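For reference, the structure is listed below as structure tokens.
The values are calculated or read from the model by the stated rules, or taken from the named source; none is laboratory data. The shown structure was predicted, so the numbers you read here are calculated from the model rather than taken from an experiment. Quick reminder, even Gly has a Cβ in these numbers, built from the backbone with ideal geometry, and neighbours come from all protein chains shown.
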């Protein structure tokens, strides 16, 4: 199944410990940014709204704990969102972060080592087209995400082969038009998937 999502107050949905972890993550990313141009969204609301909130809000549409303890893959992880945000809020899950950029996966490994997550987290430097053909990963995940990677129909083709039979794919889309829904339905029909829901939200100001 695929859930299409578009971008409360963080104090209402995050525990004090989770907020502290996100603060540490912000500091680590900021330090890495001094030497590596990892992301421009690291200060103030750019970080807390455009990175943190935008990554976690879909998981709070239903009770958080139902999505913990899962095997999770984030395709095109970049500086770690939404993958590391999911790891912080779902500490019993096994998390795989995939990116084709060596610079970004090296940075992700630095972040993971510095923050000391409770999760088992694996960083994979490869293209998703290659990973999808690996029997160790194909049809093996409960949840798959991709954010700001490509068109909805394209990223659906990336995610769906990675999911198990009851798996859920979350596609983060900044803009969503009727033509996108038509294209993705055509792609999912071939892949034997379906749209579970389309959710929209307004990011806090």
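Brief remarks follow.
- Verdict on residue 84 being touching a helix residue (DSSP H, G or I) at 6+ places or on another chain (Cβ under 7 Å), at pLDDT 95 or above and under 22 Å from residue 201 (Cα atoms): yes
- Of all residues in the range 116-130, those being surrounded by fewer than 20 Cβ atoms within 10 Å (Cβ to Cβ) and not in a strand (DSSP E or B) number 8.
- Output for the range 158-179, where each listed residue is touching a helix residue (DSSP H, G or I) at 6+ places or on another chain (Cβ under 9 Å) and either modelled with pLDDT of 70 or more or part of a strand (DSSP E or B) (or both): 158, 159, 160, 161, 162, 167, 168, 169, 170, 171, 172, 173
- Selection count where residues are within 21 Å of residue 57 (Cα to Cα) and at pLDDT 70 or above, scope the range 180-205: 9
- Residue within the range 88-97 that is touching a strand residue (DSSP E or B) at 6+ places or on another chain (Cβ under 6 Å), surrounded by fewer than 18 Cβ atoms within 10 Å (Cβ to Cβ) and modelled with pLDDT of 95 or more present: yes
- Residue 124 vs. criteria within 13 Å of the chain's Cα centre (by Cα) and at pLDDT 90 or above: no
- Counted residues, the range 32-52 - those being surrounded by 15 or more Cβ atoms within 10 Å (Cβ to Cβ) and closer than 17 Å to residue 76 by Cα: 6
- The set of residues from the range 88-106 being closer than 9 Å to residue 120 by Cα and in contact with a helix residue (DSSP H, G or I) (Cβ under 6 Å, 6 or more places away or on another chain) comprises just one member, 95.
- The condition of being buried (at least 21 other Cβ atoms within 10 Å of the Cβ) and under 17 Å from residue 24 (Cβ atoms) does not hold for residue 112.
- Taking the conditions (1) farther than 23 Å from residue 34 by Cα; (2) out of contact with any helix residue (DSSP H, G or I) (no Cβ under 8 Å at 6 or more places or on another chain); (3) surrounded by fewer than 16 Cβ atoms within 10 Å (Cβ to Cβ); (4) at pLDDT below 90 in turn, residue 155 satisfies each one other than (3).
- For the range 117-130, the set of residues classified as out of contact with any helix residue (DSSP H, G or I) (no Cβ under 9 Å at 6 or more places or on another chain) and over 26 Å from residue 154 (Cα atoms) consists of 120 only.
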